[in-house]
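Below: one structure, written as structure tokens.
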Amino acid sequence: MNNTPSTGLFISFEGIDGAGKSSHIAALAQAFKDAGRTVTLTREPGGTPLAEKLRNLLLHDAMDPLTEALVAFAARRDHLVQVIEPALARGEVVVSDRFTDATFAYQGAGRGFDWEKLQTLERMAQTGSGSNAELMREPDLTIWFDLPAAVAAERLAAARVPDRFEAQPQDFFAAVASGYARRCAAAPKRFARIDAHQPREAVWQQVADVLQARGYLQGVQGAAA
Ligand SMILES: Nc1ncnc2c1ncn2[C@@H]1O[C@H](COP(=O)(O)OP(=O)(O)O)[C@@H](O)[C@H]1O
Ligand SMILES: Cc1cn([C@H]2C[C@H](O)[C@@H](COP(=O)(O)OP(=O)(O)O)O2)c(=O)[nH]c1=O
């Protein structure tokens with residue numbers, strides 16, 4: 001039964017590489033579908049043909065930190081205009097694997113790029129992307145998977161061939177994690193911190209509890225595979 005409101009809802013998932021996001025994003029999308037909502041499941045960098053090309057550059061070509069930030073925000077702008085805003089205007093649930101907090105965490109805290117300049121770019125890229133010219137679009141909820149960098153490294157070593165970011169040393173990911181903590185402290189209402197250093201079922205339960213507590217989804221069943 002669908003008794004959730006049919007206004008658009010924008011949820012982002014964040015965390016260092018290997019934090020365990022991917023294991024839960026599809027399950028959350030399915031839970032919304034089971035509740036009768038239409039879901040747009042997407043990711044950053046990416047989500048449109050142009051942004052996927054920019055993703056490929058970002059993940060594989062060396063570039064300086066400003067270029068990296070500009071490429072990330074260029075991809076984000078296209079993603080917002082082409083996909084996220086239209087879906088929200090249709091009343092859908094948009095679930096994005098990463099959004100702007102990743103740029104603050106990776107390019108800001110990780111690469112050391114100036115935080116205030118990122119805030120300027122954030123305002124430029126995320127304002128006026130939809131019908132409201134004044135609105136700076138942000139997620140309604142950001143689910144942050146917090147995991148020590150050493151644990152994420154162990155998980156990834158067993159899992160996949162690293163890309164340009166995943167190949168970074170553990171110190172880089174400790175810095176990235178501190179960037180997420182800083183963004184969380186600055187926007188405590190938008191952020192929900194998940195203790196990702198738990199078995200999958202316990203992590204899923206925390207995600208379900210957050211959605212229930214915020215009134216976005218009632219009686220969430222089942223754990224991620
Ligand atoms: N709670 C967990 N405990 C142990 N391993 C996990 C857990 N969640 C995910 N993993 C494993 O860790 C690796 C990284 O998970 P993944 O979901 O791809 O992370 P992310 O999408 O955040 O980079 C995968 O091999 C996955 O199977
Ligand atoms: C959105 C975004 C991601 N990234 C990085 C984080 C990740 O290492 C990488 C891609 O993210 P992700 O899709 O999580 O990688 P994977 O599919 O391999 O799990 O891009 C940035 O550096 N800046 C950004 O703005």
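General remarks:
- Applying the set (1) more than 13 Å from ligand 1 (Cβ to nearest atom); (2) in contact (Cβ under 8 Å) with a residue 40 or more places away in the chain to residue 22 leaves exactly one unmet item: (1).
- Hey, residue 66 outside any loop (DSSP other than H, G, I, E, B), without any contact (Cβ under 8 Å) to a residue 60 or more places away in the chain and loosely packed, with under 15 Cβ neighbours inside 10 Å or not: yes
- Within the set 87, 102, 27, the sole residue that is modelled with pLDDT of 95 or more and under 22 Å from residue 164 (Cα atoms) turns out to be 102.
- Taken over the range 175-209, residues that are of a type in the set (Ser, Thr, Tyr) and surrounded by fewer than 19 Cβ atoms within 10 Å (Cβ to Cβ) amount to 1.
- With respect to the stated conditions, residue 42 is crowded, with 16+ Cβ neighbours inside 10 Å, without any contact (Cβ under 8 Å) to a residue 60 or more places away in the chain and more than 24 Å from residue 195 (Cβ to Cβ).
- Criterion applied to 193, 164, 182, 214 was being of a type in the set (Lys, Arg), farther than 21 Å from residue 72 by Cβ and touching a residue at least 60 places away in the same chain (Cβ under 8 Å), and the one residue passing it is 214.
Residues checked against (1) modelled with pLDDT under 90; (2) touching a Gly at 6+ places or on another chain (Cβ under 7 Å):
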position	(1), (2)
154	no, no
157	yes, no
161	yes, no
167	yes, no
175	no, yes
188	no, no
192	no, no
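- The residue that is nearest to residue 47 (Cα to Cα), among those in the range 86-137 that are β-branched (Val, Ile, Thr) and surrounded by fewer than 19 Cβ atoms within 10 Å (Cβ to Cβ), is 127.
- Checking 159, 87, 153 one by one, the residue that is within 15 Å of ligand 2 (Cβ to nearest atom), touching a residue at least 24 places away in the same chain (Cβ under 8 Å) and part of a helix (DSSP H, G or I) is 153 and no other.
- Note on the range 131-150: residues that are in contact (Cβ under 8 Å) with a residue 40 or more places away in the chain and closer than 23 Å to residue 197 by Cβ total 9.
- Any hit, the range 91-102, residues being part of a strand (DSSP E or B) and under 29 Å from residue 64 (Cβ atoms): yes
The values are calculated or read from the model by the stated rules, or taken from the named source; none is laboratory data. In this text, all values refer to a predicted model and were calculated from it rather than measured experimentally. Here Cβ is always computed from backbone atoms with ideal geometry, including for glycine, and neighbour counts include all displayed protein chains.
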